[in-house]
Structure formats: structure tokens, C-alpha cells
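A short reminder: the numbers here are calculations on the coordinates, not readings from a lab. These numbers were taken from a predicted model, which means no experiment stands behind them. Don't worry about glycine lacking a Cβ; one is built from the backbone with ideal geometry, like all the others, and counts go over all protein chains shown.
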Amino acid sequence: MAAIVTYLVIFAVISSALAYDPDMLQDLCVADTSAGIKTVKKGEIFVFPRGLVHFQKNNGDKAASVISAFNSQLPGTQSIAMTLFTSTPAVPDNVLTKAFQIGTKEIDKIKTKLAPKKS
């Protein structure tokens, strides 16, 4: 009986140590690169899956406001440099130049340095 109680205590400690916030998002939005720009209009919402690097760009001629929040204390991590500069499909150069306030030559240098080594 003592062995069973010990086992249950160990199991309870381990399972609580491995607990995490559940990810309520059941579906992932996979980009359709042939669709062009997918525009979020006033009053609409868009959910970015946890850990997904993303960007927003105001294509309108008026100021835009955004409300954002994490759905978890553990929102996930991502290697920003590798994700932005080596992604497929690629993040457009005009977005990278504007975000980092550097020219296209610098963008190309960064992409070259981060590109996977060919064997």
C-alpha cells in the first residue's frame, strides 16, 4: 500500500510540473500564397497561432488601431532572424526594409549570411 501511495505522489508531482496552458486553437491558418493580400477590415479579428511570427501593414490611407493579447503566459518562441530572413514564402523585401529601416543591400547581406550552407 505504501508503494502505491508513493507512486501516486510522484505521479502527481511530475504531472503538475509538466502542466501548461492548453492551446485552445484547433485550426491553423496556412498561407495561400496565390491569394494575394488577405485584408482584415474594421470590426474583424484574426488569430495568430502561438509562436507564429507575423507582421501587419496598414494598406489604407487612414490611421489604424490594433488590440493584441497573448492567450497564454507561455506564448511560444521563434528565432526572429531565421524566420524573417529565410522563410518560404519570403517576407517581402519592402516589409523588411521598412521594419528594420535599412536598405535592400543590407537585407540581401543578412539573407546571404543566414542562408543554409550548401553541402
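General remarks:
- Across segment 108-115, computed HN-Hα scalar couplings (Karplus, 6.51 cos²θ - 1.76 cosθ + 1.60, θ = phi - 60°) run 5, 4, 4, 4, 5, 5, 8, 4 Hz from first to last residue, x flagging Gly and Pro.
- Within straight-line cross-link reach of residue 117, lysines at Cα separation under 19 Å, skipping those fewer than 8 residues along the same chain: 109
- Approximate spin-label separation residue 7-residue 102, in nm, with each point projected 7 Å along Cα-to-Cβ: 5.8 nm
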